[in-house]
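Just so it is clear, none of the values below were taken in a lab; they were calculated from the coordinates. From a predicted model like this one, the values you see are computed outputs, not experimental measurements. Cβ sites come from the backbone with ideal geometry, for glycine too, and all protein chains shown count toward neighbours.
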Amino acid sequence: MNTAGNSNRDLDEPISLAQRFIIAALRIAIPPHRDNEAAADFLRVKIGQDHPGVEWVVVRPDTLINDESASDYDLFASPSRSAIFDPGKTSRINVASFMNALITDDSLWEKWKGRMPVIYNAGK
């Protein structure tokens, strides 16, 4: 699990100059953000998408919230909103539900393996 605030540098994810500035500041001020970026980059660059022995998916939720039960959620290859200036909400239980589905649904795994999907609660 990672964060929607971490760009997938394999894709051309548009980010405003203001958001780039804030993300750069977060890299310096909050080491876990820098660690999230480094972990995803290790998978993308060192392991790659076609490694014969390692398959991976980096799940990128936006603002995490607590909900009592799983609900509908939306998945995107890239953020559909600004993680800094217009964040969406993602319940922890929906992240867990999606990660469980990745493990148990082969077609879902095939769709997202080697990628960095962003998850939002539906309509959020």
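Restricting to the chain, what percent of DSSP beta bridges are antiparallel, rounded to 5?
45
Note on the chain: dipole from Cβ charges, positive end direction compared against H51, L75, A4; the farthest Cα belongs to A4. Rounded to the nearest 20 debye, the dipole magnitude of the chain is 420 debye, with +1 charges on Lys and Arg beta carbons, -1 on Asp and Glu beta carbons, and the Cα centre as origin. Of all the options L17, L75, L64, the one that moves most in a Gaussian network model of the chain with Cα springs shorter than 10 angstrom is L17. Between the alpha-carbon centers of the stretch 7-40 and the stretch 67-121, tell me the distance in whole angstrom. Each part reduced to its Cα centre gives a spacing of 19 Å.
For N66 and A39 in one chain, what is 0.36 nm times their gap in residues minus the Cα-Cα distance, to one decimal in nm?
7.2 nm
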